[in-house]
Amino acid sequence: LLVSLSTGSFSSLNKYSCNCLEELIISSTININNDCELWAGSNWSNGISQYNSSLVKIEAPINIISKISSTTLTSVETIIVNSGEIIPFRSFSCLKNLKSVYLCEGIKTIESYAFSNCEELLEVNLPKTIIEIENSTFGGI
């Protein structure tokens, strides 16, 4: 049973070793240190965004997804946030291929511009726990 991820866990995902990753699913029960860089260096960002345009689905806690740059997520069509309380400012803005977002129960706030300029966004599943949706969250759609 995998219980934690540490710095560099995905650092080998680059143009040579990972050119067909379609889905990335990280359980909400995984422990991760706030300072942990799962994609240490530029390997994750460069490997997925430049060499792997096949990543179309990611499911993970918001504290992990928010560590991934939006340039890394350019091909993603579906995002499932499986734990967390706040969707941070501009966390998914300008994801041109994003079509569906599923937010878990427990999300309370979606900060400004979180989904701004997601031109293909068709579906957002909001949980009953939402208390606040800040200004311009869905601007430019």
Computed for the range 63-141: size of charge dipole around the Cα centre, +1 on C-beta of each Lys and Arg, -1 on C-beta of each Asp and Glu, debye to nearest 20, value 140
How large is the accessible surface per residue of the range 54-132, computed with a 1.4 Å probe and reported in Å² as a whole number?
43
Local electrostatic count at Lys57 - Lys and Arg +1, Asp and Glu -1, tallied over other residues with Cβ under 12 Å
-3
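The values are calculated or read from the model by the stated rules, or taken from the named source; none is laboratory data. All values derive from a computational prediction rather than experimental measurement. Every residue, glycine among them, receives a Cβ derived from its backbone with ideal geometry; neighbour counts consider all protein chains shown. Areas reflect the complete protein model, heavy atoms only, side chains present, ligands, DNA and RNA absent. Shrake-Rupley method; radii C 1.70, N 1.55, O 1.52, S 1.80 Å.
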